[in-house]
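The values are calculated or read from the model by the stated rules, or taken from the named source; none is laboratory data. From a predicted model like this one, the values you see are computed outputs, not experimental measurements. Reconstructed Cβ throughout: ideal geometry from the backbone, glycine too, with neighbour counts over all protein chains shown. Calculation scope for accessible area: heavy atoms of the full protein, side chains included, ligands and nucleic acids excluded. Shrake-Rupley method; radii C 1.70, N 1.55, O 1.52, S 1.80 Å.
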Amino acid sequence: TGIQNLALKIRGDQLYIDYFENPDLCHHLLRICTECVKQLFEFNYRATGTGSVDVTPMSDPKLAQLPNCTEEQISNNIYEEFLLQYDNEIADAFQSVGLGIHHCGSVNEVLPGYAKVRHLKFLEIGFGSDVKRCREVLGPDVAINARISPVLMKNGSPEEVAAEVRRLIDEGPPLHNYSIDTVGLTYGTPDENVKIARKTAAEYGRIGKN
């Protein structure tokens, strides 16, 4: 789990108020959560040899992967004031393998904060994220996985799905460390949309294409 994810399991939504009204308590709780996350990663590595595959299959399995699923719910100011130092502590502890971040939803708000995370090797971003901006801010060496909207996959036409796949690929170079996927596909998603997404990615996203 990620640090804020765990803190929310302990404190509940009150944590969001505590950021403004009780910052000392927040840091105390986040410190405890950071130690728990470090121990969890160490246990996972001993047991499975990975700190990543249980979070996302798109990442290099050797990385330590932080599921920052709730960071979309805070501002970049809150991220940098409260969470960045603890993410960096995790990053430093696992510098030898490198750090990945799984971010649900748009990454646009906290992207400046993520640019300050040390040893970052991989970032998974939700649909609605500015992929081109991610590349500009993080540089070409951080692998990025972008996601296609499940609403588009269910309700869009095959032509619209293909166009979205092409758009994401156009924004993602260099392609050797870039990937896209679909997430949250629900009952009723047309087979044609899944097939055209795969076909378009395979053909339009082929490395070395003319």
Check your understanding: Thr48 versus Glu159, label points 7 Å from Cα toward the beta carbon: distance in nm?
Key -> 4.3
Review point. Any idea of the accessible area per residue across segment 145-210, 1.4 Å probe, to the nearest Å²?
Key: 59
Point to revise | Spatially close lysines, pair count over segment 90-210: Cα under 24 Å, gap of eight or more or interchain | key: 8
Check your understanding: In nm², what is the average projected area of the convex hull enclosing the Cα atoms of the chain?
Key -> 12.4
Exercise for review: Treating each Cα of segment 66-163 as an identical point scatterer and ignoring solvent, apply the Debye formula and state log10 I(q)/I(0) at q = 0.19 Å⁻¹.
Suggested key: -0.89
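When a/c is below 1.5 the answer is rounded, else prolate if a/b is larger than b/c, else oblate, so apply that to segment 13-100 with a ≥ b ≥ c taken from the square roots of the Cα gyration tensor eigenvalues. Intermediate results must be reported in sequence, preceding the final value.
Details: a/c = 2.34, a/b = 1.91, b/c = 1.23.
Cα axes put segment 13-100 in the prolate bin.
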Practice item. For segment 71-130 and segment 1-67, write down the distance between their C-alpha centroids in whole Å. Key: 12
Check your understanding: Can you work out the base-10 log of I(q)/I(0) for segment 99-210 at q = 0.11, 0.14, 0.17 1/Å, using the Debye formula on its C-alpha atoms alone?
Key -> -0.35, -0.55, -0.79
Review point. Roughly to the nearest percent, how much of the accessible area of segment 87-210 is carbon and sulfur, given a 1.4 Å probe?
Key: 51
Check your understanding: Is it possible to state the helix-based mean residue ellipticity at 222 nm for the chain, with each DSSP H run of 4+ residues giving -39500 (n - 2.57), the sum divided by total residues, to the nearest 500 deg cm²/dmol? What is it?
Key -> -14500 deg cm²/dmol
